[in-house]
Each structure stands twice: as structure tokens, then as C-alpha cells.
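A short write-up of the structure that comes next.
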Amino acid sequence: MDTNFWNDAVLEPLRRFADLALAFLLNNFLAMLVVLCVGLLMAYLFRVMLSVFLRIVHFDRFCERRGVAAALRAAGVARSPSRAAARLGYWFVMFVFLMFSLAALNIAPVNDLVSRFFLFLPQVFAALLILLLGYLAAVFLQRATLLTAVNAGVARARALATTVQVLVLLFTIAVALEQVGIGGSIILATFTVAFGAVGLAAALAFGHAARDLAKTVLEREMTSTRDEGLGGISHV
Amino acid sequence: MMRDGILRSELASELERIGRADVLVGIPSFNNARTVGHVVRTVSAGLAESYPHLPCVLVNSDGGSRDGTPDIVLRTDTGHHATLLVDHRRRPLHRVTTGYLGIPGKGSALRTIFRVAELLGAKACAVVDSDLRSITPEWVELLVGPVLERGMDFVAPLYTRHKYDGTITNGLVYPLTRALYGRRVRQPIGGDFGFSGAFAARLLREPEAWETDVARYGIDVWMTTRAIADGYQVCQAHLGAKIHDTKDPGADLTAMFTQVVGTVFELMDPYHGVWATIQGSGPVPEVGPQSTVGVEPVAVNVERMVEMYRKGLGDLMPIWHGFLRPETCNALAGLAGAPPGTFQFPAELWVRVVYEAAAGYHRRVVPREHLLRALIPLYLGRTAAFVVQTAASGADEVEVEIETLCRLFESMKPYLLECWDVQRPEPFQGGPR
């Protein structure tokens, strides 16, 4: 009886568990490893191809021109933008294959996690795209504002340009966060209040402190001859 | 006559009624009620004096004036030349006024004039600005005559101007176009030109150009460059003084500078094969009597220009570094200390700035609009230095200085080629890791 009990209560379940574990190891776990290996290979190939493509289209020069390279350097990224992008692509492909490999395990909670990840992926892409475009727009507008202000002889031109850049970046971040579902209404409310406050403060400040200046500027705009302030030179 | 997106339909039908014209004079305008009447009277008198036997048309291409400019064009009394209103009568001198289509600007206005010339089969044309106060009837023959009688395709103006009048022309556009294309056209952006009907028709064949700055202030230098670089017969006409209304609504230095200089730089790409092999420069035939006439004095605010240069130096250096070489930027930084009265901007440094900017524009090292705008404080600095340098000089001495600058542009042209062809090193080197 003792022998039967030991057999039935301990050894048999253990044997069944060992069979299951072995089957799992041979089937799902090995499948996961295969998927991971394929992922490594695919990620490497993707990195090489992306790197070559970015070099052909002069991605580094584009980033240099748009100020992205300078921002990367300021953020401590020593790699070139094309290499950084290629490496980012590498880890993205690896991450996707990691998700695939987890799915290969065929464990219900993990499957649920993986399916959620893939459903979430388009939103992450959209948010990243928004961040990238927003950053480029912020740099472009910063330069355009700076040039316009300097050529118009505006005092503190750089501060004005930086303010424009920061506002555009903040707006971009808010939109990106909303895209991935983080604090949607709170961010919107914050920005509404913040922009409203800035606008109101500017209006009050201008109304009180620069009323005469506004009048002068408007009068000059309405009646000025060209290039006023530089003498009577006819440039053309 | 079909509608082609250049002419308004009512004008096309009016041109059908006019039929043909041998001589056409175009007057682009925008809110020039104060001066356009004088221009119309003078042009009418010039046509009557010089070409009484030829069918002539006067075309006003207006940019939507709100001060009654087109009405003045049609109603101005020209003595014995009766006014011909659209849809009414035909007389030896037809007068037509129309609004133009396209991007608002002088270029679009001229495109309409070119199209009218083409449809009427005009042999010789001229365009004169509507804000001129110094125009005389002789201008018509001086601009049209070389085309009709000497087979010229393009007649550029030669003016007597104050030594500080036309600083973009004197300091940048004239020396640069002369060094590039090897022809000494002294007023490449003068504004008043004569040209053949064939040349006008050729310019119309490039629809994409009219969507650029050519439609705005870039038109003058575009026409001049095309005439020279395409090998047309070019001459210059002595017109005397150019005195025009200083009121120019909507005009400002930034727009003028970026559109004119942008057009010069833009044309360097398609004409690289033409200018890259040219060395030195040659004279361009001149017509008309060379006279000494009085010019209006010009007041110059050197302090303000130097201040603008310093402001640019303080704020725009990162952008300048994008298209200028480090040694050029260092030299620019070294200029800031001098007080306005002794401010200097060496000509050699200015030539380097212009050539490096042209090459940077070609290689798109920074957004092109930004590059052009970033040049403005440098241009003001150079202009201020030129004014300081020539403060005690007469007009002839200033002309000698401009000639010296032109020769420097020519002698340093190899530097332009070096900058143009150099492959900008990638900021980061190496393969994928």
C-alpha cells in the first residue's frame, strides 16, 4: 500500500509533469529559441540594410541641417544619426521577435500580453512619428523666428526663438502622450490653461507697458517707406 | 484665342480685336496712382515720336491696385493720342489695362505682358516701372530701338545713380553675375528693359519658373541672366538718372534681398556648365548718349546697419557656421569691435562670404530660405563698411571701387569652384555598428 501510494501520489504526477515539461521544452521552448534566433538574424540584416539606405539618402547630412544631429550630440548620443537610427531599428525588430517568441510559448497570460502589445504598436508608431515631426518643426521654426527677429532688429531675438521652440516641443509631447493614451484630458486641460495664461499675460503686459510702442509700430507700418531705419538707401 | 491661365478672358478677346502690334510697352503697377499718369504720358509721347508709323500697344499689368491706378492708365490725357478703352475703338496707340493672374509680384505682371506680346506678335517690347519720375520720351527709343534696328534681344538699362543707390546691385548682384557669366551688365536688376518678342516668348516656355521668386522681385535678374547665359544679343542703353517714387507698399529689404539673391543662386545650378569655364569678363555694347545728370541725395544710417551686423553676429553665428567655413566665421567675428565710424568689412572677406553662401545654397547645407535670410546682416555690414570707406568719395571714385570689387570677384572665382565642388565631409564617419 505504501508503495502504491508513493507511486500514485508522488511519482506518477511527477512523471506526468516531467513528460509535460519535456514536451513543452521540446516543442514551445525550442520554438521560442528558433524564433529568437531568426529574430537576431533579421534584426542584424535590418540594421545593415537600414544603415546602407540611410547613408545613400544622406540621412546624416539631413539631420545635420535640421539640427537633429546637434540635439543627439547634446543628449550624449555619440553615434551618427544614421547609426543611431539603424541601432534603434535593430532593437525594434528584436523586440518584435521577442514578442513572437513569447507567443510561441503558448501561455495564456503571455499570449494576452503579446496581443495587447501588437494592438498598441500603431499608437506607439504614431506617437514616435509625431515626436519626430514635432521636433523638426520646432527646430525649423526656431531658426525662422530667429532670422526674422534679427532682421527686424527685435531685441532678445534668441529668447523669442527659443520660446517658440519650447512651446512647439511641449505641444508635440502633449499630442504624442495623448496618442499613447497617457493622461489625455489632463494634458489637454493643462495646455489650455497654460496657453491661455501666457496669452492673457502677454496681452496685459502689452496693453499696459507697450501701448505706445504698438501705436508707433502700427503707424509706421501704415505709413512707412521701405527700409526705414537704414537711411534712404534703395537696395535694388 | 484660348485661355491659358496667364490672361484674363476679357483681355484675350480684346487682344483678338486689336489683332497685331509691332511695338509693345508694358507697365507693371500696384498702387502707383501718383506716378503712373506721368509714365503713361511719357511713353505715349515716346511712341508717337519714335514709331508713329508702327502699330503700338501700351499694356498696364496691375496687381490689384486700390488707388485707381488702372483708371488713370486708361484716362490719362496723352494729347493727340486718343485713349482707346477696351471694347471700344482702335487707334494707332492702343492702351490696355488688365489684372494679372498668378503669384502676386512684378514677375507675374511681366508674364502677362510677355503673353500679350506673344499673342500680338510684337517684334520689340519694353517694360518700364510705374513709379518712375525721371522717365523721358527718349527712353522708349533707347529701349526699343536696339531691338528693332540692331537685332538685339535684350536691352539692359544704364542709369546715373547716387553712389549709395542700388547697394544690392553694386555690392552683390552686379559683381557676382559679371564674374559668373563674363558680361559687364551694369544694372542687372534695373527694372526697365527692352527685349525682342522672341525672347519674351522663350521666357514664357518655362512654366515652372513662374511659380518661384521669378514671379516676384527675382524677375529682373532672371531675365538678365537668361539673356546672357543663353547667348542672346545683349546691349545696354544710357537712360540718364533713375529717380523713382520711394513709396513702395509691401516692399521690404528681406523680401527683396532673398528673392533677388535667391534667384541668382538658383540659376547657378542649371547654368553651372556655362559659368564654370568663364574667366574674366567682357564689355557689353552701349547705346544712347552718356550724360551727366543730377541725382537725388541719399541718407544712410551707418550706425543702424552696423548694429544689425552685430546683432547677426551675436545670434546667427550657429547658422553662419552651417554654410560658411570656420576661418570665414572667425574673420567675421573679428570685425565686430570697431565703432561704426571706422567699421571695416574687407572686400576679400565679402567675396568669400558670397561664394561660400552660393556653394552652400547649391549643396543645401541649410534650408535655402534660412541661408538667404542669414546673409542679410552680412550684407548690411558690408554695405555699412562700403559707405564708411567711400564717405568722402565722388561718384566716379565709387565706381572705381565697385570696379575693383568686380575684379576681385573675378580673380577669386577659382575659390567659388573649389567651394562648389567640394564634398562636404559627413559629420560622422564609419560603417554600421
Restricting the first residue to the range A:114-139 and requiring it to be within 24 Å of residue A:99 (Cα to Cα), which pairs with a second residue that is of a type outside the set (Lys, Arg) and assigned to a helix (DSSP H, G or I) meet a Cβ separation below 6 Å and a spacing of at least six or different chains? A:114/A:99; A:114/A:102; A:114/A:103; A:117/A:99; A:123/A:179; A:126/A:179; A:127/A:176; A:127/A:179
Of the residues in the range B:282-340 that are under 28 Å from the mean Cα position of the chain (by Cα) and polar (S, T, N, Q), the one that is modelled with the highest pLDDT is B:301
Within the range B:132-155, count every residue that is in contact with a His (Cβ under 7 Å, 6 or more places away or on another chain) and farther than 19 Å from residue B:293 by Cα. 0
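Quick test for you: out of B:336, B:347, B:359, pick the one residue that is without any contact (Cβ under 8 Å) to a residue 40 or more places away in the chain and either crowded, with 17+ Cβ neighbours inside 10 Å or out of contact with any Ser or Thr (no Cβ under 8 Å at 6 or more places or on another chain) (or both).
B:336
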For the range A:10-62, name all the residues that are within 17 Å of residue A:91 (Cβ to Cβ), loosely packed, with under 15 Cβ neighbours inside 10 Å and in contact (Cβ under 8 Å) with a residue 40 or more places away in the chain. A:38, A:40, A:44
Among (1) touching a residue at least 12 places away in the same chain (Cβ under 8 Å); (2) within 14 Å of another protein chain (Cβ to nearest Cβ); (3) among the small types (Gly, Ala, Ser), there is one condition residue B:280 misses while meeting the rest; what is its number? (2)
Residue by residue through the range B:189-229, note down the ones that are assigned to a loop (DSSP other than H, G, I, E, B) and surrounded by fewer than 19 Cβ atoms within 10 Å (Cβ to Cβ). B:205, B:206, B:212
For the range B:158-183, the count of residues that are in contact with a strand residue (DSSP E or B) (Cβ under 7 Å, 6 or more places away or on another chain) and of a type in the set (Lys, Arg) equals 1
Please work out if residue A:82 is more than 9 Å from chain B (Cβ to nearest Cβ), in contact (Cβ under 8 Å) with a residue 12 or more places away in the chain and either assigned to a loop (DSSP other than H, G, I, E, B) or among the hydroxyl-bearing types (Ser, Thr, Tyr) (or both). no
For the subset of the range A:146-167 comprising residues that are within 14 Å of residue B:318 (Cβ to Cβ) and buried (at least 19 other Cβ atoms within 10 Å of the Cβ), which member is farthest from the other protein chains (Cβ to nearest Cβ)? A:165
Could you figure out which of (1) part of a loop (DSSP other than H, G, I, E, B); (2) within 12 Å of another protein chain (Cβ to nearest Cβ) isn't true of residue B:232? (2)
Consider the range A:77-109. How many of its residues are loosely packed, with under 15 Cβ neighbours inside 10 Å and more than 29 Å from residue A:55 (Cβ to Cβ)? 4
Restricting the range B:166-188 to residues that are in contact with a Lys or Arg (Cβ under 8 Å, 6 or more places away or on another chain) and assigned to a loop (DSSP other than H, G, I, E, B), the one farthest from the other protein chains (Cβ to nearest Cβ) turns out to be B:184
Can you name the condition, by its number, that residue A:212 falls short on among (1) loosely packed, with under 10 Cβ neighbours inside 10 Å; (2) of a type in the set (D, E, K, R); (3) at pLDDT 80 or above? (3)
From the set of residues in the range B:363-385 that are out of contact with any helix residue (DSSP H, G or I) (no Cβ under 6 Å at 6 or more places or on another chain) and farther than 22 Å from residue A:149 by Cβ, which is nearest to the other protein chains (Cβ to nearest Cβ)? B:364
Would you point out which residue out of B:37, B:46 is closer than 15 Å to residue B:128 by Cα, in contact (Cβ under 8 Å) with a residue 60 or more places away in the chain and either surrounded by 14 or more Cβ atoms within 10 Å (Cβ to Cβ) or under 24 Å from the mean Cα position of the chain (by Cα) (or both)? B:46
Could you check, for the range B:146-163, whether at least one of its residues is out of contact with any Cys (no Cβ under 7 Å at 6 or more places or on another chain), among the β-branched types (Val, Ile, Thr) and buried (at least 24 other Cβ atoms within 10 Å of the Cβ)? yes
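Are any of the residues in the range B:395-405 under 25 Å from residue A:152 (Cβ atoms), assigned to a helix (DSSP H, G or I) and more than 10 Å from every other protein chain (Cβ to nearest Cβ)?
no
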Residue B:273 - would you say it is assigned to a helix (DSSP H, G or I) and either more than 14 Å from chain A (Cβ to nearest Cβ) or within 18 Å of residue B:409 (Cβ to Cβ) (or both)? yes
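The values are calculated or read from the model by the stated rules, or taken from the named source; none is laboratory data. Given the structure is predicted, the values throughout are model-derived calculations rather than measurements. Every residue, glycine as well, gets a Cβ built from its backbone with ideal geometry; the counts of neighbours run over all protein chains shown.
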